[in-house]
Each structure stands twice: as structure tokens, then as C-alpha cells.
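Please read the structure below before turning to the comments.
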Amino acid sequence: MKLRDLSAEAERLASRRFTEIDRIAERNTAKVLSAFRAHRVSDAMFAGSSGYGYDDLGRETLEKVFADVFGAESALVRVQFVNGTHAIACALFAALAPGELMVSVTGKPYDTLLGVIGKSGSDWGSLAFYGIKYAEGRERVPDAKVAYIQRSRGYTERKALSVGEIGEMIRGIREVNPNAVIIVDNCYGEFTEEFEPTAVGADLCAGSLIKNPGGGLAPCGGYVVGRSELVNRAAERLSVPGIGGECGATLGQNKPLFQGLFSAPHVTAQALKTAVFASALFQLMGYKTSPDCDEPRYDIIQTIELGSAELVTRFCGGIQRGSPVDSFAAPEPWAMPGYDCDVIMAAGAFTQGASIELSADAPMREPYRVYIQGGLTYESGKLGII
């Protein structure tokens with residue numbers, strides 16, 4: 001079958017999921033719009049601040065809007081977070097002290113977080129350096145100060161968790177350890193469903209603004225949402241004790257953060273549609289995909305098992321050529337900081353490393369599975385996949 005015919009059939013198969021994706025996007029847009037109205041967002045809030053950043057009305061209002069949208073008491077939304085791992089680390093340090101135990105109930109965390117918990121071979125700047133203990137598996141939950149849940153799959157075979165599944169996990173954790181602080185790595189999952197993990201009992205959620213919640217417009221940053229006391233501690237980890245979230249210049253970035261959040265439900269839906277199309281197209285070509293094109297989606301990540309390093313490199317090269325920025329570049333595997341093997345990444349993005357824009361990456365190890373995410377518009381995402 002010719003590629004044109006394959007892509008037409010893939011789109012027909014993918015469209016069966018589109019109605020549900022659009023329904024969720026509309027519900028989430030209504031939720032975001034309601035929060036904007038409730039907190040009287042105005043043009044005056046877009047100016048931002050410099051220096052210490054005291055009394056930044058836009059920053060303070062944006063954090064109230066985020067808290068409402070995520071069903072949380074409080075939020076910390078800052079351009080000073082360098083990535084999602086940084087935000088998650090601040091959330092962990094908000095709840096853990098030396099000698100206390102963190103248990104990852106979803107298994108080994110994502111690669112870049114391993115250095116934070118002292119599992120990368122270097123203790124500098126890690127939880128292990130500060131005397132924090134770490135374990136994997138639910139059997140240690142009764143002893144844990146923090147129970148950590150990773151919503152998305154990372155570089156693993158398991159599927160992303162739904163908010164309902166996270167809620168069931170939280171209820172199970174509370175039964176055996178009612179005092180545990182439950183922290184969710186929410187990266188890639190925001191706005192794929194109608195509710196977020198903080199709405200089903202998570203104490204803290206954290207993630208990156210250059211993924212789903214930035215709507216493709218946030219230039220950098222991250223967020224932590226949840227219980228006010230813990231969010232305040234995360235703010236003190238980001239800055240210093242005694243100042244916490246009271247400082248932090250926004251440097252004219254309030255407007256893209258507000259506008260990105262407003263666009264986030266729609267842009268996330270575009271990324272989901274791109275992922276469903278990719279799954280359908282490569283299933284038709286005989287490749288193993290996860291999720292398949294008919295499955296519900298709980299994050300924006302699509303995997304395709306290609307079987308060889310050569311095909312992974314060629315695939316990423318195709319994604320790069322289908323991108324609006326740096327389409328002429330040729331991705332090559334390299335030793336990225338925080339990973340235990342060479343990684344290849346294709347991302348012709350307006351914002352460097354923005355996973356909400358069409359991108360593909362893969363650890364160069366068996367079974368040579370490539371991870372696709374993003375797509376600011378379904379039309380451009382589909383063309384990039386083709």
C-alpha cells in the first residue's frame with residue numbers, strides 16, 4: 001500500500017478517538033476559563049517584574065489560577081525552574097528530611113530523577129547526599145515518609161496511569177500509611193483527562209511548563225501544586241528559607257505563561273491526536289505500538305518499537321525533517337547528562353526541548369523503542385509523522 005493510502009487509512013482509524021479527545025479539551029478549557037474569570041485576570045498582570053520580584057500581581061494571580069485548575073490549595077509557578085525534574089526535586093525536598101524514606105511505588109523513576117535520589121553513581125546534590133533513604137516497591141510504603149508516583153511511563157514499557165488509577169493507589173497507600181506524603185510526577189499527563197491527581201488526594205504534583213501546561217507558549221519554567229504547607233516548603237527549596245515564593249522576578253514572561261495555560265487544553269488535544277495517528281500509521285506498517293490507536297490516553301507519549309539502532313536514528317531524522325525549526329539538522333545519539341546510555345533526540349522546536357512540540361527521543365538500547373510526543377497542531381503533527 002502506498003504511503004498516501006496508508007496515511008488516509010490511519011487517519012480514519014485514529015478519528016475514532018478524536019471525539020473523546022475533543023470532549024475532554026472542551027471540559028478543561030471551560031475549567032481554565034472559569035479560573036481566569038474568578039481571579040479577574042487583566043492586562044495589567046502581563047507586565048511582570050524585575051530584581052527581587054516583590055508584589056508581582058501577575059505571578060501571584062497566575063499561581064491562584066493554577067491552583068484552581070488543578071484542584072489544589074496552592075501553587076508555585078516559576079520561570080526559575082529549569083525543567084520538570086527541578087520542580088519534582090523541590091517537591092521531594094519539601095517533604096523529606098535526612099533519615100526519612102522515599103518509596104517509588106511505580107518502580108524505577110525517570111532517568112533524570114535518579115541523580116536526585118542518589119542512584120546515578122554521584123551523591124553530590126542528591127537526596128542520598130543529605131541522608132535520605134530510597135526504595136522501590138509497595139512493600140515499603142508502611143515505612144515511607146514520601147510515596148512517589150510517576151504518572152507517565154518514562155523510558156519503560158508500562159503504560160501511563162489514569163487519574164482514576166492514581167486515586168486507587170492513593171487510597172491503598174492511605175490504608176497502610178495515612179501520614180505518608182504522596183507526590184506525583186505529573187509530566188506529560190496534564191489535561192489529558194478532566195481531573196488532575198491533586199483532585200484525587202495527591203499532596204503534591206509537579207511538572208514542566210514546556211510540556212502540556214505551557215501550551216507551547218511558555219518559554220521555560222515549572223510548577224508545583226498541592227497542599228499549601230508543602231508548596232511553601234518547595235518554594236523555600238527553590239529560593240531560600242524565609243523568602244520562599246515572595247521573590248522571583250518574572251521578567252516580562254507573565255503573558256506567555258497565562259496565554260500558554262489558556263491554550264493548554266487545546267494544544268494537549270492536538271498532541272494526543274498526533275499520537276493516535278502515529279500509532280495507527282505504524283500499526284498498519286506492522287510495528288508494535290503503545291498505546292494502540294484505540295486505547296484511552298493518559299499522557300501524550302506514543303511509543304513505537306523499531307527493533308534496531310539504525311531505524312531509531314532514521315526515524316528521528318524523519319521527525320526532524322518534518323519540523324518547522326532546524327529541519328536541516330541530523331539527530332545523532334549522544335551521552336546526555338542524567339542518562340545511563342546514549343540518547344537520540346529530534347526536536348525542531350520553537351522552544352528548546354519543549355516536549356509539547358512534536359519531538360521524538362529514544363535511549364539507544366534494546367528493544368530500540370522510540371518515544372514520540374507533542375504536536376502544536378494536529379495538521380503539522382500528522383505531516384511530521386508522515
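Before moving on, here are some points about what is shown:
- For segment 243-258, taking the residues that are part of a helix (DSSP H, G or I) and without any contact (Cβ under 8 Å) to a residue 60 or more places away in the chain, the one that is nearest to SER42 (Cα to Cα) is identified as PRO256.
- Any pair with Cβ under 8 angstrom, 6 or more apart, that starts in segment 1-27 at a residue that is β-branched (Val, Ile, Thr) and ends at one that is crowded, with 16+ Cβ neighbours inside 10 Å and not in a loop (DSSP other than H, G, I, E, B): ILE21/ALA269; ILE21/LEU272; ILE21/LYS273; ILE21/VAL276; ILE24/PRO265; ILE24/ALA269
- Candidates VAL79, VAL32, filtered to the one that is touching a Cys at 6+ places or on another chain (Cβ under 8 Å), among the β-branched types (Val, Ile, Thr) and closer than 17 Å to LEU209 by Cα: VAL79
- Scanning segment 1-12 for residues that are surrounded by fewer than 19 Cβ atoms within 10 Å (Cβ to Cβ) and of a type in the set (A, V, I, L, M, F, W, C) yields MET1, LEU3, LEU6, ALA8.
- In segment 276-283 there is at least one residue matching the filter, namely being touching a strand residue (DSSP E or B) at 6+ places or on another chain (Cβ under 9 Å), part of a helix (DSSP H, G or I) and among the β-branched types (Val, Ile, Thr).
- Here CYS247, CYS205 are screened, and the one residue that is surrounded by 21 or more Cβ atoms within 10 Å (Cβ to Cβ) and not charged (D, E, K, R) is CYS205.
- Filter result for GLY164 (within 25 Å of ASP292 (Cα to Cα), within 23 Å of the chain's Cα centre (by Cα) and loosely packed, with under 15 Cβ neighbours inside 10 Å): yes
- Candidates PHE277, PHE262: the one that is surrounded by fewer than 24 Cβ atoms within 10 Å (Cβ to Cβ), touching a residue at least 40 places away in the same chain (Cβ under 8 Å) and either under 22 Å from the mean Cα position of the chain (by Cα) or outside the structural domain of ALA206 (by TED's automatic domain parsing) (or both) is PHE262.
- Long-range neighbours under 7 Å by Cβ, at least six apart or interchain, first residue of a type in the set (D, E, K, R) within segment 60-85, second surrounded by fewer than 22 Cβ atoms within 10 Å (Cβ to Cβ): LYS64/HIS39; ASP68/ALA35; ASP68/ALA38; GLU73/ARG227; GLU73/SER228
The values are calculated or read from the model by the stated rules, or taken from the named source; none is laboratory data. Since this is a predicted model, take the numbers as computed values, not measurements. Don't worry about glycine lacking a Cβ; one is built from the backbone with ideal geometry, like all the others, and counts go over all protein chains shown.
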